[in-house]
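Worksheet for the structure shown next.
The values are calculated or read from the model by the stated rules, or taken from the named source; none is laboratory data. All of these numbers come straight from a predicted model, not from anything done at the bench. Virtual Cβ from ideal backbone geometry, glycine too; neighbours counted across all protein chains shown. To get the accessible areas, we keep the full protein, side chains included, count just its heavy atoms, and leave off ligands, DNA and RNA. Shrake-Rupley method; radii C 1.70, N 1.55, O 1.52, S 1.80 Å.
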Amino acid sequence: MKNDESKVYLTRFGINVRRIRKSIKMTQEDLASVTGFHRTYVSQIERGLTNPTLLNMHELATGLNVQVPMLIENIFDECFDAVFGDEVDCDAD
């Protein structure tokens, strides 16, 4: 996998984590507390700056009261950005 492509997927993963966290009115500090992670690590995940292990994804999912697949939902979809309000032509072939 290309480095630039990896950054896109990590950023999308982080957007999913942030979206879920905010939807349940949880702060980064709250998520850090329930997962045992440092707040700065949570911030790095949400900004796509780090590649969490599968076990850390599980901890995040547990802390957010969701299943791991929700954290990775749509991150490989070309139309992902359209879901979040960015202009993406998803109908183009």
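Which condition number in (1) open to solvent by 100 Å² or more (accessible area, probe 1.4 Å); (2) among the aliphatic types (A, V, I, L, M); (3) at pLDDT below 70 is the one that residue 88 fails?
(1)
Please pick out the residue among 93, 4 that is assigned to a helix (DSSP H, G or I) and at pLDDT below 90. Quick ask: steps written out before the conclusion?
Details: 93 fails: assigned to a helix (DSSP H, G or I).
4 is the lone residue from the list that is assigned to a helix (DSSP H, G or I) and at pLDDT below 90.
Might you let me know whether segment 54-73 holds any residue that is under 14 Å from residue 16 (Cα atoms), in a loop (DSSP other than H, G, I, E, B), at pLDDT below 95 and within 13 Å of the chain's Cα centre (by Cα)?
For segment 54-73, residues under 14 Å from residue 16 (Cα atoms), in a loop (DSSP other than H, G, I, E, B), at pLDDT below 95 and within 13 Å of the chain's Cα centre (by Cα): present.
Within segment 35-47, restricting attention to residues that are touching a Ser or Thr at 6+ places or on another chain (Cβ under 8 Å) and in a helix (DSSP H, G or I), which residue is most open to solvent (accessible area, probe 1.4 Å)? Break it down into steps so the answer makes sense when it comes.
Going residue by residue through segment 35-47, those that are touching a Ser or Thr at 6+ places or on another chain (Cβ under 8 Å) are 35, 41-42, 44, 47.
Checking which are in a helix (DSSP H, G or I) leaves us with 35, 41-42, 44.
Details: 35: 17, 41: 48, 42: 1, 44: 72 Å².
Filtering segment 35-47 for residues that are touching a Ser or Thr at 6+ places or on another chain (Cβ under 8 Å) and in a helix (DSSP H, G or I), the one most open to solvent (accessible area, probe 1.4 Å) comes out as 44.
Only one of 23, 6 is open to solvent by 50 Å² or more (accessible area, probe 1.4 Å) and more than 16 Å from residue 59 (Cβ to Cβ); which?
On the way: 6 fails: open to solvent by 50 Å² or more (accessible area, probe 1.4 Å).
Just one listed residue meets the conditions, 23.
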